[in-house]
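Derivation of every value follows stated rules applied to the coordinates shown; laboratory data play no part. Computed from a prediction, not measured in an experiment: that's the story for all the values here. Cβ: placed from backbone, ideal geometry, glycine included. Neighbour counts: every protein chain shown.
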Amino acid sequence: MLDGLFRIVETLFEVRIRPDEAPVWHPSVRFFRIERPAASGDAPAELIGQFYLDPHARPGKRPGAWMDGTRDRWARPGAGLQTPVAHPVCNFAPPLDGRPALLTHDDVQTLFHEFGHGLHHLLTRVDDLGVSGISGVEWDAVELPSQFMENLCWEWEVLQRLSGHVDSGEPLPRALFDRMLAAKNFHSGLQMLRRWSSR
Ligand SMILES: [Zn+2]
């Protein structure tokens with residue numbers, strides 16, 4: 001799933017995501033770097049940002065899923081560019097008895113959602129500390145990148161490549177995807193009305 005997500009991000013935003021090294025607070029936490037590949041082959045890639053991914057539930061961990069900035073992008077006066085760092089956190093079931101961790105479609109949406117917030121923070125081009133990344137964003141815009149990424153989970157071309165049966169590796173059958181989509185859209189008008197009436 002992560003590989004699939006990273007390939008999508010690399011394709012859409014013309015970046016590269018690679019494992020990176022940093023001290024972490026739990027062995028299941030992973031650290032990555034996002035780079036912009038150099039235009040010519042020999043030049044080094046440009047570091048855009050880095051992130052910690054803390055995907056699994058464990059005793060004592062705060063439940064839910066969120067993303068926060070660990071460090072903001074900032075052109076420090078006289079000290080060069082500080083690149084941003086983010087930490088998307090989820091609570092997915094961990095791998096068990098040598099079997100891989102399995103994600104529900106809900107989990108996948110959560111992963112894409114939090115990663116969308118992460119991209120908002122990491123791909124910023126703003127140099128001023130108070131308004132770079134997720135800082136100082138208007139409330140009605142703050143969920144835009146997360147929704148954008150979440151919507152990809154409902155695209156057949158995307159899901160077809162991301163999904164796999166735990167034993168056979170077979171992708172999600174198209175007929176099942178169509179039923180999931182129909183269930184998602186069922187009564188969606190009513191949900192919209194409920195939202196309006198609850199204001
Ligand atoms: Zn969100």
Practice item. For the stretch 2-163, state what percent of all Cα-Cα pairs lands in each successive 10 Å bin, counting from 0 Å until the bin that includes the largest distance. Key: 10, 36, 37, 14, 2, 0
Practice item. Largest first and to the nearest Å, give the Cα extent of the stretch 118-199 along each principal axis. Key: 49, 38, 18
Check your understanding: Using DSSP loop states and a limit of at most 11 other Cβ atoms within 10 Å to flag chymotrypsin sites (Phe, Trp or Tyr not before Pro), what is the longest stretch of the chain containing no flagged site?
Key -> 26-138
Review point. How big is the charge dipole of the stretch 69-158 about its Cα centre, in debye rounded to the nearest 20, if each Lys and Arg gets +1 on its Cβ and each Asp and Glu gets -1 on its Cβ?
Key: 500
Point to revise | Inter-centroid distance (Cα atoms) of the stretch 3-71 relative to the stretch 103-138, Å | key: 12
Check your understanding: How far is helix 174-185 tilted, in degrees, relative to the longest principal axis of the Cα atoms in the chain, given as a value from 0 to 90 rounded to the nearest 10?
Key -> 80
Check your understanding: Say a paramagnetic label sat at a point 7 Å from the Cα of residue 147, along Cα to Cβ; which residues of the stretch 7-36 have their backbone N under 20 Å from it?
Key -> none
Check your understanding: Can you give the direction-averaged projected area of the convex hull of the alpha-carbon atoms in the stretch 19-77, in nm²?
Key -> 6.2
Revision key, fill the gap. For the stretch 135-145, in residue order, the Karplus 3J(HN,Hα) values (coefficients 6.51, -1.76, 1.60; θ = phi - 60°; whole Hz; Gly and Pro = x) are 7, x, 8, 4, 4, 7, 10, 5, 9, 5, x
Revision key, fill the gap. Once Lys and Arg are counted +1 and Asp and Glu -1 for all other residues with Cβ under 14 Å from that of residue 100, the total becomes -3
Check your understanding: So what's the angle, to the nearest 10 degrees on a 0 to 90 scale, between helix 2-13 and the longest Cα principal axis of the chain?
Key -> 60
**Study point:** For residue 156, net neighbour charge (Lys/Arg +1, Asp/Glu -1) across residues whose Cβ lies under 11 Å away
**Key:** -1
